[in-house]
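Below: one structure, written as C-alpha cells.
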Amino acid sequence: MKVGYVYHPVYLKHDTGQHVENASRLEAVLSHLEQSGLKRQLELIRPRAASVEELSLVHDAQYVTHVQDMAEKGGGWLDLDTVMSASSYEVATYAAGGVIRATEAVIDGEIGSAFALVRPPGHHATPRRAMGFCLFNNVAIAAKYALAKYELERTFIIDFDVHHGNGTQDAFYDNPQVLYISTHQSPYYPGTGSIGYTGLGVAKATTVNIPLPAVCGDAEYLAVFQQIIVPVARRFKPQLILVSAGYDAHWADGLAYMQVSGTGFSQMIKIIEGLADELCGGRLVFSLEGGYNLDTLAASIEATFKVLLGSTEIEDRLGQSPHSFEAPNIAPLIKAIKEIHNLP
Ligand SMILES: [Zn+2]
C-alpha cells in the first residue's frame, strides 16, 4: 500500500522568531526526505484549511475567534510559551486541515497510511486555550471529524511525544469513542497525565496515562508498549489509529531527558503499525507534534516512513545514547497501571 505525507510551504509561515518550535524543523525534515530519495517513494497529500466548523468540533467558538483576532492584530503571545504571527491563524487551520486530509485519504483507501508533517503542533491545545506551542489540537480535530463523517465508533490516539498531551486528554476525557494513551516524562511539562486520570463516567478507562521517570530508553518504552499499549488497544478494537508523533524523547533532544534512540522509535512505530494491520485494516495516520533536535527529528521521521514502507533494515546513524544512566526500574509503575486498567 502507498504511504502518503502531508506538506505545504504554508506551514513555514507560522513565524515564531527565535522560538525552539520554528520553521527550520519542517525545513530540515523535508530536505532530509529529499536528499535521502525517500520523498519519491511517498504520495504527496495536499492539505486544505480546516473550517471554523471543523475547528469547533474540539474548540470553543470563542477561542477560535480569539486566535483569529490575534492574527488580525499582527500576532503576539497566546500563553507563556506560545507565540503567533499574523499568518499563524491561517497556518494553524492548514495544520488541522492537513491531518483531516490525511485521515480522509487513509479511510477512503487512497493510501495505506500517512504522516502529516504540519506545524504548529497540537496536543497541548485544550478546547479553550492555546498552550505549549500549540494553537489548535490537530489530532483531536481529525479524530472528531473521522467519528462524525465516517460514523466511526472507536478511534485510538497514541501519543508518544515526551510531553503529556493534556489538550487531547481534555478533549476526550468524557468521550468513550476515543481511546487516548500517552507516554510522557513525569514530573515534567505540562504537569498533567498521572495514572489515576483514566476518563470520566462512560469514558472510564479510555484515557491511559503512562508517566515515565526521566532517562527511560528503548527498553522501558518497549516494555510499556508491549505490556500496556498493545493489550489496551486490542481490547478497545479501534477502527482508526491516529498518532501524536513527537520525537522529543530522543536522547539528543534538548527539550527533555529521555534516552530513546532512532532504533527505539522504529520499534515503537513497528508495534503501532502491527496494531493498525491487526485491528483496523492498516488505517494509520501520524501527525507531527514535538522534536527539536533537527538531526534526530529528520532521521526519526525518515525511520518512521521506512517502517511504513515495509523496510526491515533501518539504519540508526545517530546510534544509542552516549550517556550511561542507570536504567530506571519501571516494573512497579507498569504493575500499577495494569491494576488500574484491569490488564492481566
Ligand atoms: Zn513534546
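Overview of results
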| read-out | value |
| --- | --- |
| Separation in nanometres of the label points that stand 7 Å from Cα toward Cβ, at Trp77 and Lys270 | 4.5 |
| Rounded to 5, the percent of DSSP beta bridges in the chain classed as antiparallel | 15 |
| The chain, accessible surface, carbon-and-sulfur percent (1.4 angstrom probe) | 50 |
| Of Lys149/Lys306; Lys204/Lys338; Lys39/Lys237, those spanning more than 22 Å from alpha-carbon to alpha-carbon | Lys149/Lys306; Lys39/Lys237 |
| Positive-end extreme of charge dipole, segment 154-233 - chosen from Asn166, Gly217, Val232 (charges on Cβ) | Val232 |
| For segment 204-209, Karplus couplings with θ = phi - 60° (6.51, -1.76, 1.60), whole Hz, Gly/Pro x | 3, 6, 9, 10, 10, 9 |
| Amide H partners (placed H, <5 Å) of Asn293, local residues excluded | Gly254 |
| Per residue accessible area of segment 190-344, 1.4 Å probe, in Å² | 40 |
| Highest-fluctuation residue, His323, His32, His164 considered, GNM on the chain with Cα pairs under 10 Å | His323 |
| For segment 90-95, 3J(HN,Hα) per residue [Karplus equation, 6.51 cos²θ - 1.76 cosθ + 1.60, θ = phi - 60°, Hz, x = Gly/Pro] | 4, 4, 5, 5, 6, 5 |
| Placed amide H near Leu38: partners under 5 Å, 5+ positions off or other chain | none |
| ³J(HN,Hα) computed for each position of segment 294-310 - Karplus, 6.51 cos²θ - 1.76 cosθ + 1.60, integer Hz, glycine/proline x | 4, 5, 6, 5, 5, 5, 5, 6, 4, 4, 4, 4, 5, 4, 5, 7, x |
| Label-to-label distance, nm, for residues given as Ser324 and His19 (7 Å Cα→Cβ offset) | 4.1 |
| Only Lys, Arg (+1) and Asp, Glu (-1) charged, at Cβ; segment 1-117 dipole about Cα centre in debye | 500 |
| Cut-off under 5 Å, modelled amide H: who pairs with Thr207 long-range | Tyr180, Gly199 |
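The values are calculated or read from the model by the stated rules, or taken from the named source; none is laboratory data. None of the values given here were measured: they were computed from a predicted structure. Neighbour counts are summed over all protein chains in view; Cβ atoms, including those assigned to glycine, are modelled from backbone coordinates with ideal geometry. In case anyone asks, the SASA skips ligands and DNA or RNA and just uses the protein heavy atoms, side chains included. Shrake-Rupley method; radii C 1.70, N 1.55, O 1.52, S 1.80 Å.
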